[in-house]
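First the structure, in the form of structure tokens, and then the observations on it.
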Amino acid sequence: MPRRTHVAATVNGEEVEFLCEPRQSLLEVLRENLRLTGAKEGCNNGNCGACTVMMNSVPVNSCIVLAVEADGAEIETVEAIARQGHMHPIQQCFLEGAALQCGVCTPGFLVAAKALLEKNPNPGEHEIRFNLAGNLCRCTGYDKIVRAVQDAAEIMQSAQPAAVK
Ligand code: FES
Ligand code: FES
């Protein structure tokens, strides 16, 4: 039996502990140990972005992060994007703008797009394409995804309280 390591992390705001083999990826543990199946396994080698999650506020490809590296880290997965049963504007805009077809890439795009809009609430098209370049989609042709992110940015900005003068 391979040696297993104890890991304690915060996942979607909850403290979790698990045992994992040193070779196991964060994606594998999220999906198989913690039953968080939102992050998808596409390429499993760091090239497609389907497995994107936030680790200490930075988007990472969880298939090439070792689960033991998550010890002490804060992880946020696509499951945490919707709040209290309400879709996040990014989810809403992907849905309404038909920015998904098979959906395998979608969780990764949602996590990466949310990270971008938290960094820059009003990115231009070029910045959106640049920041999402690590996320591959075989179905949509990308234009609808870019438009969905722009629409979400608009909604999120209009929801901000007006600045006090
Ligand atoms: S499954 Fe992780 S980058 Fe493709
Ligand atoms: S919707 Fe199928 S890969 Fe993007």
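The values are calculated or read from the model by the stated rules, or taken from the named source; none is laboratory data. Worth saying up front: this structure is predicted, and the values here are computed from it rather than measured. All Cβ positions, glycine included, derive from the backbone under ideal geometry; neighbour counts span all protein chains shown. With ligands, DNA and RNA removed, areas are computed over all heavy atoms of the protein, side chains included. Shrake-Rupley method; radii C 1.70, N 1.55, O 1.52, S 1.80 Å.
For the reader, a short list of remarks on this structure follows.
- Selection status of L117, under 28 Å from T37 (Cβ atoms) and within 14 Å of ligand 2 (Cβ to nearest atom): no
- Positions within the stretch 5-41 being within 16 Å of ligand 2 (Cβ to nearest atom) and surrounded by 20 or more Cβ atoms within 10 Å (Cβ to Cβ), in sequence order: A39, K40
- Among the residues making up the stretch 140-164, those that are loosely packed, with under 15 Cβ neighbours inside 10 Å and either over 16 Å from H88 (Cβ atoms) or within 16 Å of ligand 1 (Cβ to nearest atom) (or both) are G141, D143, P161, A162, A163, V164.
- Here G108 does not qualify as modelled with pLDDT under 95 and over 24 Å from S158 (Cα atoms).
- N44 open to solvent by 50 Å² or more (accessible area, probe 1.4 Å) and either in contact with a Lys or Arg (Cβ under 7 Å, 6 or more places away or on another chain) or farther than 27 Å from R138 by Cβ (or both): no
- Residue satisfying all of: in the stretch 47-59; under 11 Å from the mean Cα position of the chain (by Cα) and surrounded by fewer than 21 Cβ atoms within 10 Å (Cβ to Cβ); farthest from ligand 2 (Cβ to nearest atom) among these: S57
- Across the stretch 75-92, the qualifying residues are those that are closer than 19 Å to E28 by Cβ and charged (D, E, K, R), and the one among them that is surrounded by the most Cβ atoms within 10 Å (Cβ to Cβ) is E76.
- Among residues that are within 15 Å of ligand 2 (Cβ to nearest atom), of a type in the set (G, A, S) and open to solvent by 30 Å² or more (accessible area, probe 1.4 Å), A98 is included.
- Filtered by the rule that a residue be farther than 13 Å from C48 by Cα and open to solvent by less than 50 Å² (accessible area, probe 1.4 Å), the stretch 104-130 gives L110, V111, A113, K114, A115, L116, L117, N120, P123, G124, I128.
- Selection status of E28, assigned to a helix (DSSP H, G or I), over 30 Å from D143 (Cβ atoms) and in contact (Cβ under 8 Å) with a residue 12 or more places away in the chain: yes
- Restricted to the stretch 60-73, and to residues there that are of a type outside the set (A, V, I, L, M, F, W, C) and more than 7 Å from ligand 1 (Cβ to nearest atom), the residue that is least open to solvent (accessible area, probe 1.4 Å) is G72.
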